[in-house]
1. If you go through the stretch 274-289, how many residues are open to solvent by less than 30 Å² (accessible area, probe 1.4 Å) and either within 30 Å of Gly236 (Cα to Cα) or in contact with a Phe, Trp or Tyr (Cβ under 8 Å, 6 or more places away or on another chain) (or both)?
2. Assess whether Asp86 counts as being of a type in the set (D, E, K, R) and more than 24 Å from Gly373 (Cβ to Cβ).
3. What are the residues in the stretch 268-288 that are away from the ligand (no atom under 16 Å from the Cβ) and in contact with an Asp or Glu (Cβ under 9 Å, 6 or more places away or on another chain), if any?
4. In the stretch 214-225, which residues are within 14 Å of the chain's Cα centre (by Cα) and buried (at least 16 other Cβ atoms within 10 Å of the Cβ)?
5. Take Ala119 and decide whether it is open to solvent by 70 Å² or more (accessible area, probe 1.4 Å) and at pLDDT 95 or above.
6. So Gly306 ticks every box in (1) within 28 Å of Leu353 (Cβ to Cβ); (2) within 16 Å of the ligand (Cβ to nearest atom) but one. Which box is left unticked?
7. Just name the residue that is farthest from Ala177 (Cα to Cα) out of those in the stretch 76-94 that are open to solvent by 20 Å² or more (accessible area, probe 1.4 Å) and part of a loop (DSSP other than H, G, I, E, B).
Amino acid sequence: MSRVVQQPSVSASPAALLQHVRAGRASSRAELAALTGASRNTISSRVDQLIGADLLVEGGRGDSTGGRPPTLLQFNSRAGCVLAVDLGVTSVDVAVTDLSARVLATAGHPMDIAEGPHAVLAEAVRLGAEVLAAAGLSDADVRAVGVGVPGPVEFSTGRPSHPPIMPGWHDHPIPEAFARWPVPVVVDNDVNVMALGEMGVTGSDLDVLVVKVGTGVGCGVVVEGRVYRGAQGSAGDIGHIHVAAPDDRSVLCRCGNTNCLEALASGSSLLRDALAAGLPVTSTRDVVGLAARGDGPALELVRQAGRTIGTVLAALVNFFNPHRIVVTGGVAHAGLPLLSGIRESVYARAMPLAARTLAVELSAAPELSGRVGAALMAVEACLDEDGVRGALHA
Ligand SMILES: [Zn+2]
């Protein structure tokens, strides 16, 4: 015989309540009470605390379900700002955003990451001060800093770990460079940051693979809307998975193995193969540009790279069964040729049940997702349990 038991209430901490309002799941005290199972008194006192800390504001009246219509609650995304730092191999970009990751001001320029952590981070701090001034904000408004770097990072400490294309950066304590702002500083690799950016400001609870095809190949793994980092932070490092070469050749990878995905289908391999084929190019960007303009040989090189990437993605689809695959990075600017190559392999090789409703698409704004992602990472850091508790007792 079954009996009705009281469901244990999901967390009704101030941070959890704030998250429900931010995500649009609740917009009144009554809805928060219904959602969490907590008492109206508990909800009311915690909502009052959040209003006192300026994180929630009251505005307007909702639809009445009989009695007095409820006062609507809104997240106050102007309760502070975050700095979003996007370090590329050849660029440094900084944005200041509100707490909904809406960009308020941005600045950046080309800079070689090989100039080392002291020079590059000093420049990031200088740009941070510049965008704050441009947005009419001060150092005291900054709630957190998010930083994306083009290499592996130990997420808990914010230190790069043997980054292959960031000489001098191994084990450098990146957060310490931002001591001007005594707030949480979160550092992650660029692919995870881009993956967050692709999830967008409103968030999503979908399972998504975000594949970056640039100089190398990497993959951000998003599980129910959150970036999955694995035991040491290296989840999604698909660039060194072994693949079959289309013409049975053996190509040495910079990691020392042969026929890694990155050795056969990345920005650098495209340039190598285009030069070998005698195409008039000096950079990956040239190859991608030729393909986008419909040049036959360049187009076939890009499409073949797509097919090779697709064989790895087909295996990942069978294993992970994502809702979507989003393709981003410099080579994604080639557009349809890359996408059609990827789709060809994925739909040919993935199991029908996993492939049936799978969407494989290009990023809508690849140049912005690094900064938006770094901002979202910073926002999550300042609005987690500790961050909200701190704000309530400030
Ligand atoms: Zn390799």
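The values are calculated or read from the model by the stated rules, or taken from the named source; none is laboratory data. Predicted, not measured: the structure shown is a model, and the values here were computed from it. Methodologically, a virtual Cβ is constructed for each residue, glycine included, from the backbone with ideal geometry; neighbour enumeration extends over all protein chains shown. Note: accessible area is taken over every heavy atom of the protein model, side chains too, but ligands, DNA and RNA are not part of it. Shrake-Rupley method; radii C 1.70, N 1.55, O 1.52, S 1.80 Å.
1. Selection size over the stretch 274-289: 4.
2. no
3. Result: Leu271, Ala274, Leu279, Pro280, Val287.
4. Gly218, Cys219, Gly220, Val221, Val222
5. no
6. (2)
7. The extreme case among them is Asn76.
Conditions (1) open to solvent by 20 Å² or more (accessible area, probe 1.4 Å); (2) not assigned by TED's automatic domain parsing to the domain that holds Thr308, marked per residue:
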position: Val193; (1), (2): no, yes
position: Leu196; (1), (2): yes, yes
position: Lys212; (1), (2): yes, no
position: Ala231; (1), (2): yes, no
position: Ser234; (1), (2): yes, no
position: Asp237; (1), (2): yes, no
position: Cys255; (1), (2): yes, no
position: Leu264; (1), (2): no, no
position: Gly267; (1), (2): no, no
